């Protein structure tokens, strides 16, 4: 049967798990598109299939085995997301079924990731703490399906905020010279232009959604034009 490669840094995303006045903890995860791409790459788009049961709660991922001349199936269950519950549950069950095949299983070996409040921008809303900062995997080392090295950068400040094990990154180093990776394409609802993240003189990165918030729901150019 097929052997799936390890995930790359660009295929792994970071999500804030907990948040308090001292900082944030992060979780590493992969999205469904990553699984689809690796399945296509490894076995070919015509040699795998998925189907859902129990109203999307379970997903069965099947891969064609030429040696046995049959489909081999692995199944898992998912949980609903806070938004688009059915779609979120289908996506989660698919990702979990792909874990069964070994895609991204190394993520289960991730260390506890804590980012101090000194390395991210914290704000308090009543009795809760939160952050608008975003985080990305800068470097990852995987050996025998175990994470042995990891570094995380704050994409808004461009600085390394977490390191573990065998990496070349050092905490506090700036990686502002590296390209900004956006999670998705964002368009100005007024002019329709695709918006890009902006890097300020101090190295701080302002993401498109933050520009929209600061400019009354439009891009900066539309905001300036409206002020004239």
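Data table
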quantity: Residue pairs meeting the criteria (Cβ under 6 Å; at least 6 apart or on separate chains; first at pLDDT below 95, in region 107-129; second exposed (fewer than 11 other Cβ atoms within 10 Å of the Cβ)); calculated: 129/21
quantity: Some residue of region 47-58 being under 18 Å from the mean Cα position of the chain (by Cα) and either on the phi > 0 side of the Ramachandran plot or in a strand (DSSP E or B) (or both); calculated: no
quantity: Selection within region 170-223 - outside any loop (DSSP other than H, G, I, E, B) and either within 19 Å of residue 131 (Cα to Cα) or modelled with pLDDT under 85 (or both); calculated: 174, 198, 199, 205, 206, 208, 209, 210, 211, 212, 213, 214
quantity: The lone exception for residue 74 - which of (1) closer than 30 Å to residue 156 by Cα; (2) surrounded by 13 or more Cβ atoms within 10 Å (Cβ to Cβ) it fails; calculated: (1)
quantity: Options 35, 40; residue that is at negative phi and touching a helix residue (DSSP H, G or I) at 6+ places or on another chain (Cβ under 6 Å); calculated: 35
quantity: Test: residue in region 76-85 that is part of a helix (DSSP H, G or I) and modelled with pLDDT under 90; calculated: yes
quantity: Among residues of region 102-128, those that are closer than 18 Å to residue 3 by Cα and either outside any helix (DSSP H, G or I) or over 20 Å from the mean Cα position of the chain (by Cα) (or both), counted; calculated: 3
quantity: Residues of region 150-166 classified as over 13 Å from residue 7 (Cα atoms) and either free of Cβ contacts under 8 Å to residues at least 24 places away in the same chain or surrounded by 21 or more Cβ atoms within 10 Å (Cβ to Cβ) (or both), total; calculated: 10
quantity: Residue within region 20-34 that is surrounded by fewer than 18 Cβ atoms within 10 Å (Cβ to Cβ) and assigned to a helix (DSSP H, G or I) present; calculated: yes
quantity: Residue match in region 72-79 (condition: touching a residue at least 40 places away in the same chain (Cβ under 8 Å), closer than 29 Å to residue 138 by Cα and in contact with a helix residue (DSSP H, G or I) (Cβ under 9 Å, 6 or more places away or on another chain)); calculated: no
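The values are calculated or read from the model by the stated rules, or taken from the named source; none is laboratory data. Everything numeric in this text was worked out from a predicted model, so none of it was measured. We place every Cβ from the backbone using ideal geometry, glycine too, and count neighbours over all the protein chains shown.
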